[in-house]
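Each remark here refers to the structure printed beneath this line.
The values are calculated or read from the model by the stated rules, or taken from the named source; none is laboratory data. On a predicted model such as this, the values are computed, not experimentally measured, just so you know. Positions of Cβ are backbone-derived with ideal geometry, glycine not excepted, and every protein chain shown enters the neighbour counts.
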Amino acid sequence: MTNLQDQLHRPLRDLRISVTDRCNFRCRYCMPAEIFGPDYAFLPSDKILNFDEIERLVKIFVTLGVKKVRITGGEPLLRRDLPELIARIHRIEGVEDIALTTNGSLLKKYAQPLAQAGLSRVSVSLDSLDDERFFEMNGHRGKVLTVLEGIEKAAEAGLQVKINMVVQKGKNDQDIVTMAQFFKEKHHILRFIEYMDVGNSNGWRLDDVVSKKDIIDHIHQFSPLQPVAPNYKGEVATRYQYQDAQGEIGVISSVTDSFCSNCSRARLSAEGSLYTCLFATAGTDLRELLRSGQDDAAIIKCIMNVWETRNDRYSDERNEQTIAKRKNSKIEMSHIGG
Ligand code: SAM
Ligand code: SF4
Ligand code: SF4
């Protein structure tokens, strides 16, 4: 195995694979309905990597140090036969962990087959327990109860479950404590995500971000918290434990306390472009290499070159100038996944 390091001495450990750019939700912070409307040009199916191509790339990435794979999207459960892809990845020697990020709307149906195929963990996005607010945030597409049923089925199927809540000021910050209390009782880890300036469509403003500090202070008042050491180097969430020892929460603070120095994640978009940052403006086309009959050595050389020249640290450097510089040129979150 080659141990790659980028320009900032970061290894390549995780691969996030977006299996579709489509979604059945229209969360305003990700795919606002007025932009991702009926005429939006999603990728045609022949432009999306097929399972043979994804499997081949995962095998290659494993030789370069990847140990963990996360399947994402768009909404990954819209991809037909996803359990088959999970089973194929599960069989690859060197893949230690397969996780999935989903909006949970179809999880009730797929939790069991996904677990059987070798999925170990699932992160389910849920921004509120209040139906009206949730409905408003997801573009009037998903119901709280459906997601909660999916979460329950995932736990029953033996999957490790975490919940992701994007916090937006004035939209769902009143739900922080209710969500924390609910998932503490359910024994699921809830992770709060600071609202980020991903893509070009969500009209992000710093004023709409609720900081990690404010989230923690808020929860601390109803149930005191204490910080916990990360499970491993590069963990994206800062962990906190309830002082009464029942459960923990996490905060993903890309805006107010960034963690680029530990970023070991490569991202593969649905059409097979490789990105090394969530805020990238350009990727490297691996599909062309696959479809033009290049051998593994050529693809490995290309990926090594991308990783070894990588110096992304967008969140560490975020300021008015860097925001302005990438205005309208960032890749959409639904395209490369979270
Ligand atoms: N559709 C799936 C879902 O929602 O879980 C997977 C893809 S989604 C792009 C991955 C994660 O990114 C979700 O947890 C979502 O809440 C988060 N996300 C999307 N846009 C975001 C934004 N502007 N700021 C912070 N998190 C965001
Ligand atoms: Fe879809 Fe996930 Fe984006 Fe919401 S966050 S629009 S569920 S891809
Ligand atoms: Fe990694 Fe880019 Fe996020 Fe920094 S901003 S943690 S480099 S994805």
Looking at region 198-207, is at least one residue small (Gly, Ala, Ser), within 16 Å of ligand 3 (Cβ to nearest atom) and surrounded by 16 or more Cβ atoms within 10 Å (Cβ to Cβ)?
-> yes
Of the residues in region 77-100, those that are touching a residue at least 60 places away in the same chain (Cβ under 8 Å) and under 12 Å from Cys23 (Cβ atoms) come to Arg79
Scanning region 106-125 residue by residue, the ones that are polar (S, T, N, Q) and either over 17 Å from Ser18 (Cβ atoms) or more than 14 Å from ligand 1 (Cβ to nearest atom) (or both) total 3
Can you tell me which of Leu64, Leu85, Leu15, Leu8 is in contact with a Phe, Trp or Tyr (Cβ under 8 Å, 6 or more places away or on another chain) and within 16 Å of ligand 3 (Cβ to nearest atom)?
-> Leu15
Within region 143-168, track down each residue that is within 19 Å of the chain's Cα centre (by Cα) and either within 14 Å of ligand 1 (Cβ to nearest atom) or under 23 Å from Val209 (Cα atoms) (or both).
-> Val147, Gly150, Ile151, Ala154, Val161, Lys162, Ile163, Asn164, Met165, Val166, Val167, Gln168
Test Ile249 against the criterion of being within 16 Å of ligand 1 (Cβ to nearest atom) and not basic (Lys, Arg), and give yes or no.
-> yes
Which listed residue is in a loop (DSSP other than H, G, I, E, B) and closer than 18 Å to Asn164 by Cα, from Glu271, Glu235 = Glu235
Across region 71-116, which residue is surrounded by the most Cβ atoms within 10 Å (Cβ to Cβ) among those that are under 18 Å from Glu53 (Cβ atoms) and within 16 Å of ligand 2 (Cβ to nearest atom)?
-> Gly74
In region 278-290, which residues are touching a Ser or Thr at 6+ places or on another chain (Cβ under 9 Å) and either over 26 Å from Val255 (Cβ atoms) or at pLDDT 95 or above (or both)?
-> Gly283, Thr284, Asp285, Leu286, Arg287
Which residues, taken from region 267-283, are more than 16 Å from ligand 1 (Cβ to nearest atom) and over 21 Å from Pro44 (Cβ atoms)?
-> Thr276, Thr281, Ala282
Residue tally, condition closer than 30 Å to Ile92 by Cβ and in contact with a strand residue (DSSP E or B) (Cβ under 9 Å, 6 or more places away or on another chain), over region 15-52 | 7
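When only residues in region 117-165 that are among the β-branched types (Val, Ile, Thr) and surrounded by fewer than 22 Cβ atoms within 10 Å (Cβ to Cβ) count, which is nearest to Thr178 (Cα to Cα)? Break it down into steps so the answer makes sense when it comes.
Taking region 117-165 first, the residues among the β-branched types (Val, Ile, Thr) are 122, 124, 144, 146-147, 151, 161, 163.
With the extra rule that they be surrounded by fewer than 22 Cβ atoms within 10 Å (Cβ to Cβ), the set shrinks to 144, 146.
Details: Val144: 14, Thr146: 18 Å.
Selected residue: Val144.
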Can you tell which of Glu308, Glu320 is away from ligand 2 (no atom under 16 Å from the Cβ), modelled with pLDDT of 95 or more and of a type in the set (Asp, Glu)?
-> Glu308
Looking at (1) over 24 Å from Lys47 (Cα atoms); (2) part of a strand (DSSP E or B); (3) of a type in the set (A, V, I, L, M, F, W, C), find the lone condition where Ile323 falls short.
-> (2)
Of the residues that sit in region 1-51 and are touching a Leu at 6+ places or on another chain (Cβ under 9 Å) and in a strand (DSSP E or B), which one is farthest from ligand 1 (Cβ to nearest atom)?
-> Gln5
Which is within 15 Å of ligand 3 (Cβ to nearest atom), in contact with a Pro (Cβ under 9 Å, 6 or more places away or on another chain) and not charged (D, E, K, R), of Ser258, Ser315, Ser254, Ser264?
-> Ser264
